[in-house]
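Participant: Before anything else, here's the structure in question.
The values are calculated or read from the model by the stated rules, or taken from the named source; none is laboratory data. As the structure is a computational prediction, the values presented were derived from the model and not from experiment. Because the Cβ atoms are built from the backbone with ideal geometry, glycine has one as well, and the counts that use them run over all protein chains shown. Just so you know, the surface numbers come from the protein's heavy atoms only, side chains and all, with ligands and any DNA or RNA stripped out. Shrake-Rupley method; radii C 1.70, N 1.55, O 1.52, S 1.80 Å.
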Amino acid sequence: MLELINKRLDEPELRELLSYAVFPDEDVLNAVIEQYRTEPELRLYGYLEEGVWIGVIGCAQDQEMPDALRVRHMAIAPDERGLGYGRGIILKLLAMEKPAMLMADADAEGAEFYRNIGFSVMSTGENAFGAEGASEQFVCIFHAEEEETEE
């Protein structure tokens, strides 16, 4: 079950999950948590299965394209990776938010994940500097298909 968790980020399990999606620095994590708590346009969802938090996904309407939703953060618990939860969370987010387009910025590893679940992936031509040095950055785009209704 995907549920809104913006106001529950004091819970250690949720805080830990979000920490996997942000730069590994306590100050950065605290700043991101404060953004989700105070900025109503930002939504952070947690995926709960059998009483265990499996993953989180944060999103907001894209500033330049109002029909697009931008993924800001996404993380799956390390023990649950590779089991389809990431794809499932994306599908649940699409069903709940119903955007025409879903976008995400990613490093090479994230871009591979998005490519594998049907996103178009393009290099931005830029590098970002993280804990492991410079890494190529990508923009990932998924065009939600209109469901055809049978009459």
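Participant: Under a 1.4 Å probe, what is the accessible area of the stretch 9-137 per residue, stated in Å²?
Facilitator: 56 Å²
Participant: Here's a follow-up. Show that you can apply the helix-only estimate: for the chain, add -39,500 (n - 2.57) for every DSSP H stretch of four or more residues, divide by all residues, and state [θ] at 222 nm to the nearest 500.
Facilitator: Calculated mean residue ellipticity at 222 nm is -8500 deg cm²/dmol.
Participant: How far apart, in nanometres, would the label points at ASP10 and MET122 be if each is projected 7 angstrom from Cα along the Cα-to-Cβ direction?
Facilitator: Modelled inter-label distance: 4.5 nm.
Participant: Using amide H atoms built 1.01 Å from N in the peptide plane, name the residues 5+ places from ILE5, or on other chains, whose amide H lies under 5 Å from its own.
Facilitator: LEU44, TYR45, GLY46
Participant: Full extension from GLU80 to LEU48: what is 0.36 nm times the residue separation minus their Cα-Cα distance, to one decimal in nm?
Facilitator: Stretched fully, the GLU80-LEU48 segment lengthens by 10.3 nm.
Participant: Of the options ALA21, PHE138, GLY51, report the single residue whose Cα projects farthest towards the positive end of the charge dipole of the chain (beta-carbon charges: Lys, Arg +1; Asp, Glu -1).
Facilitator: GLY51
Participant: Run the dipole for the chain about the Cα centre, Lys and Arg Cβ at +1, Asp and Glu Cβ at -1, nothing else charged, and hand back the magnitude in debye, nearest 20.
Facilitator: Charge dipole of the chain: 180 debye, to the nearest 20.
Participant: Put +1 on the Cβ of each Lys and Arg and -1 on the Cβ of each Asp and Glu in the stretch 65-118; which of ASN116, PRO78, PRO99 then has its Cα farthest toward the positive end of the dipole?
Facilitator: Sorting the options by dipole projection puts first PRO99.
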